[in-house]
1. Looking at the chain, send over the antiparallel percent of its DSSP beta bridges, to the nearest 5.
2. Would you list GLU51, GLU66 from fewest to most Cβ contacts within 10 Å?
3. Per-residue counts of other Cβ atoms within 10 Å, averaged by peptide: what ranking do you get for 179-185, 52-58, 90-96, highest first?
4. Just want the answer: with Cβ charges of +1 for Lys and Arg and -1 for Asp and Glu, which residue in THR207, THR176, THR67 is farthest toward the dipole's positive end in the chain?
5. For ILE197, ILE3, what ranking results if the residue with the fewest other Cβ atoms within 10 Å of its Cβ goes first?
6. Can you give the extra length, in nm with one decimal, that the chain gains between ASN264 and GLU97 once fully stretched, where that is 0.36 nm per residue apart less the Cα-Cα distance?
7. Provide the descending list of Cα extents for the stretch 96-205 along its principal axes, expressed in whole angstroms.
8. Taking a 18 Å limit on the Cα-Cα distance, which of the listed pairs LYS25/LYS64; LYS79/LYS278; LYS140/LYS179; LYS55/LYS241 fall beyond it?
Amino acid sequence: MKIARLMRDGNETYGLIRDGNVATKDSIVNQTGVPLPFSIMDFLFEGWYDEIKTKVSTSMFQDKLETFTLLAPLPNPSKIICLAFNYPKHAKEQNYESTKDPVIFIKPRTTLCGNGSAIMCPNFVKELDYEVELAVIIGKTCKNIDEVSAKDHVFGYMVFNDVSARDIQMQDKQFTRGKSFDTFAPCGPWITTADEITDVQNLQMTTKINGQIRQNSSTNNMFINISSILSRLSNVMTLEKGDVIATGTPEGVALNNPDTPFLNDGDEIDMEIEKLGKIQNTVKFIA
């Protein structure tokens, strides 16, 4: 199932997506009689989705997707955990090596924005960069899980852009400030539930800037696979329902690639991961 957070006529809702059509919360309630909650977080992680998923019928998909604005699928996850250097070719282009344990940092939830949103970058940033990543959505709170059971704690996946102010990142010699500006985590366009993805470690992923391919790789090039990531992170911290884990980016970013320009005002970014969809965002520099 594909599940989206939506806006139309100033009203926020959520719904299920199928073939360009939407079954909104209200449509599902009207046809099933199940009193769904207002919050998409409650719908996803407090049993309501499980309650209705077998009751969904074609007749519920009454609205066209293009009549809605797609918001960031999750409004307020407890944590957004990001991996660095998890693709060896990307690590090499940054003069690092991938390591057996995940190198992580955390982005604030105020970085989140949805498909079609502008990436609002202060004009004092001079080196703005992009990173396409597969993001994992945690479905069950867990601690100290093993790799075998890790997949049972995944709700779904989405596309994630770890936007980065490289000049600030290099000045600080750490990740947090340069990756934490508001709107620096476009994501979506929806959540694709885990049961729809047969092999999450074999999905094509691409970034295009103004139509030109910059990143072209596959999730099979991850150094630490998703089950291992979840297991190792859970040994450090409790992973909670709704947490977002961005699993790293492949080679092709602008940093340390002299023939690849950083992002400029008005640049169009298209990121796509096979079976998960595409997000499109425009860069806007602001005073």
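We did not get these values from a lab; they are worked out from the coordinates using the rules stated. Keep in mind the model is a prediction, meaning the values are calculated, not measured. Note: ideal-geometry Cβ built from the backbone for every residue, glycine included; neighbour counts use all protein chains shown.
1. On the way: 56 of 66 bridges.
So the antiparallel bridges amount to about 85 percent of the total.
2. Numbers: GLU51 14, GLU66 8.
Least to most surrounded, the residues fall as GLU66, GLU51.
3. Values: 179-185: 21.7, 52-58: 12.4, 90-96: 15.6.
Put in order of decreasing packing, that is 179-185, 90-96, 52-58.
4. Toward the positive end, the furthest listed residue is THR176.
5. Numbers: ILE197 18, ILE3 22.
So the ranking, lowest neighbour count to highest, is ILE197, ILE3.
6. Numbers: separation 167, 0.36 × 167 = 60.12 nm, distance 2.91 nm.
Roughly 57.2 nm would be gained on extension.
7. Projected onto its principal axes, the Cα set of the stretch 96-205 covers 45, 33, 27 Å.
8. Numbers: LYS25/LYS64 14 Å; LYS79/LYS278 23 Å; LYS140/LYS179 27 Å; LYS55/LYS241 24 Å.
Listed pairs above 18 Å: LYS79/LYS278; LYS140/LYS179; LYS55/LYS241.
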